[in-house]
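Just so it is clear, none of the values below were taken in a lab; they were calculated from the coordinates. From a predicted model like this one, the values you see are computed outputs, not experimental measurements. All Cβ positions, even for glycine, are placed from backbone atoms using ideal geometry, and neighbour counts span all protein chains on display.
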There are 2 protein chains.
Amino acid sequence: MNQEYPSALLERAVKEFTKLPGIGRKTATRLVLHLLKKGEDEVASFSESIIKLKREAKYCSVCHSISDTDICPICVNPTRDHSIICVVENIQDVMAVENTMQFRGVYHVLGGVISPMDGVSPSDLNIESLITRVTSGDVKEIILALSSTMEGDTTNFYIYRKLSQFDVKLSVIARGISVGDELEYADEVTLGSSIINRTPFTGKTY
Amino acid sequence: MNQEYPSALLERAVKEFTKLPGIGRKTATRLVLHLLKKGEDEVASFSESIIKLKREAKYCSVCHSISDTDICPICVNPTRDHSIICVVENIQDVMAVENTMQFRGVYHVLGGVISPMDGVSPSDLNIESLITRVTSGDVKEIILALSSTMEGDTTNFYIYRKLSQFDVKLSVIARGISVGDELEYADEVTLGSSIINRTPFTGKTY
């Protein structure tokens, strides 16, 4: 649909919004016209927040997560267990694992997974720095928490080969049926994995 | 869910995005992190487009639609029929009617509909200026193209009463079943209206 905009300024703003993932022309128009109704202060605050983030946000020099400081709050925290590193794909995954409140170790953000189809090779990811962390520090365990996809599995295997020569325990997050899921709808690989990796029943529910 | 962000800058940008309609915390995080991956130029361009729109966009002094100039391209266009005014709620509706390519008249943007529940009274809308247009120019017809809601109907009636003393034809867009709709799923009011307002069959389909 060739939508004609009554204003070039409007059209430009809409075009910028449509570059965002999952935002089409209609949604973009709605968002932009919503902003237009707001006060100039609010629009400035919106616009500034993005510019400021882009200009000032740093990436933690240890784990590569986003941070306002050179080393992120998790990596500087002495109460966290620095001998366990959870390897994740991106910053969202750090937040997702943090939200579970089940992990008190530290993180390592790869910045993606190996995907020849998308032109992502191991050298594009923060794998070298992970190996440096393993060799230099007293890391006891690496937990691989990547997506359960072909790319995630490939990346897991690549890291496994790179780290097999070091004295470090390598584990992968459990594959099993989701909490709340009904058994009959689970796929057989997941269900099979959940049986093989069954855990002692302690009487606790979730 | 109390999501802890590893960066205050990130959190601020996400908060700004969640103020937009239909954008939750998860989507906002995804959009912001997408922008963060882009180059500084692109982020600046995004941010600037909104600021520029807010600062420089004008509203047409005739029809109140958005415009880069004092009078919008439609209102200055001599090939449009200035004797027919289509009354709509907002700028999106101008674009929607324009996209149909079935209307060669001009517009009048009310800026909303009368809604006592939301505290919108007739004085908050561009109704006075519509009456001025009717009294000062040679307007022959006003087409009311508001939403088919209680608020839209109220606004239609209010405008009808205000304009009844003037020699101007007042019409309302047809209510009927949508193109592609199946009859059995149409509500009875719509179906009834489509029967009452039936049109001569010319052999054309859509």
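Taking the criterion of being exposed (fewer than 14 other Cβ atoms within 10 Å of the Cβ) and within 23 Å of B:L36 (Cα to Cα), would at least one residue in region A:103-110 satisfy it? Walk me through it before giving the result.
Pass one, region A:103-110, residues exposed (fewer than 14 other Cβ atoms within 10 Å of the Cβ): A:104.
Filter again for within 23 Å of B:L36 (Cα to Cα), leaving none.
Checked against the condition, which is being exposed (fewer than 14 other Cβ atoms within 10 Å of the Cβ) and within 23 Å of B:L36 (Cα to Cα), region A:103-110 yields no hits at all.
Consider region B:32-80 and keep the residues that are facing another protein chain (nearest Cβ under 7 Å) and polar (S, T, N, Q). The one that is nearest to A:P6 (Cα to Cα) is B:S67.
Scanning region B:1-31 for residues that are under 15 Å from A:K52 (Cα atoms) and either facing chain A (nearest Cβ under 7 Å) or touching a residue at least 40 places away in the same chain (Cβ under 8 Å) (or both) turns up B:S7, B:A8, B:L9, B:L10, B:R12, B:A13, B:E16.
List the strands (runs of 3 or more DSSP E) that sit entirely inside region A:84-189 and contain at least 2 residues that are closer than 19 Å to A:S65 by Cα and either more than 21 Å from the chain's Cα centre (by Cα) or within 14 Å of chain B (Cβ to nearest Cβ) (or both). Can you show your working first?
On the way: elements: A:105-109, A:141-144, A:169-172.
The strands (runs of 3 or more DSSP E) meeting that bar are A:105-109.
Could you list all residues from region B:42-75 that are assigned to a helix (DSSP H, G or I), more than 23 Å from A:S45 (Cα to Cα) and without any contact (Cβ under 8 Å) to a residue 24 or more places away in the chain? Answer for region B:42-75, where residues must be assigned to a helix (DSSP H, G or I), more than 23 Å from A:S45 (Cα to Cα) and without any contact (Cβ under 8 Å) to a residue 24 or more places away in the chain: just B:P73. Take the residues in region B:7-58 that are over 20 Å from A:L33 (Cα atoms) and of a type in the set (S, T, Y), then tell me which one is surrounded by the most Cβ atoms within 10 Å (Cβ to Cβ). Checking each candidate, the answer is B:S7. Of all residues in region B:167-206, those satisfying the criterion of being exposed (fewer than 14 other Cβ atoms within 10 Å of the Cβ), out of contact with any strand residue (DSSP E or B) (no Cβ under 8 Å at 6 or more places or on another chain) and among the small types (G, A, S) are B:A174, B:S178, B:G180, B:G192, B:G203.
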